[in-house]
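Below is one structure, written out as structure tokens; comments come after it.
The values are calculated or read from the model by the stated rules, or taken from the named source; none is laboratory data. From a predicted model like this one, the values you see are computed outputs, not experimental measurements. When we count neighbours, we look across all protein chains shown, and the Cβ atoms used for this are built from the backbone with ideal geometry, even at glycine.
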Amino acid sequence: MILACSGVTCAREKITAGALQLTVGWGEEPASAGSRNSINVDVADASGAPLADPGARLSVEVSFGERRVTLPLLPADRQPGRFRAGIVPTRAGTYAFHVTGSFKTDSIDITSACSEKTFPCVTDPADMQFPEKDSSPAQLADWTARAQPRIDQALDDAAEARRLSFASLALAVVALGAALARRSRRSRKSG
């Protein structure tokens, strides 16, 4: 089941966990790669009324493909039953949230993934940029990673060229010294 927020464009997935109703989704929508966001989890009773539990221990494992990170879900200020984990999603695409922990006497172990039926997936910020579309941090990171081997090779080539120039300079000094010594000997012989 999806819960739509009034006044703003957002969608959440509602999941029943024992006697609890959990509502899972992004804090800011649309979620955009490279922008600060949060994972929001609201805990309510069967009727939808928010529940408070100061001793609640919840965490969320965020996954993107094979990559995973576990973050603590912290209580939101002055909002009973709302928990947040701050995150900056760095790539556009499909994210999944695995929420675990305990709330009052209930154990929680649920998973929710973004989709058209749950909550929106992370978008590329270029989709919203105007008048020009700038490279995203992810695109810049990918470009830098691809360029790094060429940069390393250029630095190695420059270091080798420097060594060769010093060797050439040393040879030139030796040759100049030899030429001056020959000239000095010829001057003495002719004089």
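Arg57 - would you say it is free of Cβ contacts under 8 Å to residues at least 24 places away in the same chain and more than 19 Å from Glu28 (Cβ to Cβ)? Here the answer is no, as Arg57 does not meet what is asked.
The rows are residues; the columns are (1) in contact with a Cys (Cβ under 8 Å, 6 or more places away or on another chain); (2) surrounded by 19 or more Cβ atoms within 10 Å (Cβ to Cβ); (3) modelled with pLDDT of 95 or more; (4) over 29 Å from Ser136 (Cα atoms).
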| site | (1), (2), (3), (4) |
| --- | --- |
| Glu13 | no, yes, no, no |
| Thr16 | no, no, no, yes |
| Ala31 | yes, yes, no, no |
| Asn40 | no, yes, yes, no |
| Ser47 | no, no, no, yes |
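From the list Asp142, Asp77, Asp156, Asp152, which one is of a type outside the set (A, V, I, L, M), outside the structural domain of Gly55 (by TED's automatic domain parsing) and within 26 Å of Glu29 (Cα to Cα)? Write out each step before concluding.
Values: Asp77 fails: outside the structural domain of Gly55 (by TED's automatic domain parsing); Asp156 fails: within 26 Å of Glu29 (Cα to Cα); Asp152 fails: within 26 Å of Glu29 (Cα to Cα).
Checking each option against the conditions leaves just Asp142.
Here Lys189 clears all of (1) exposed (fewer than 10 other Cβ atoms within 10 Å of the Cβ); (2) in a helix (DSSP H, G or I); (3) under 27 Å from the mean Cα position of the chain (by Cα) except the condition numbered (3). The single condition among (1) more than 18 Å from the chain's Cα centre (by Cα); (2) over 16 Å from Leu20 (Cβ atoms) that Ser63 does not satisfy is (1).
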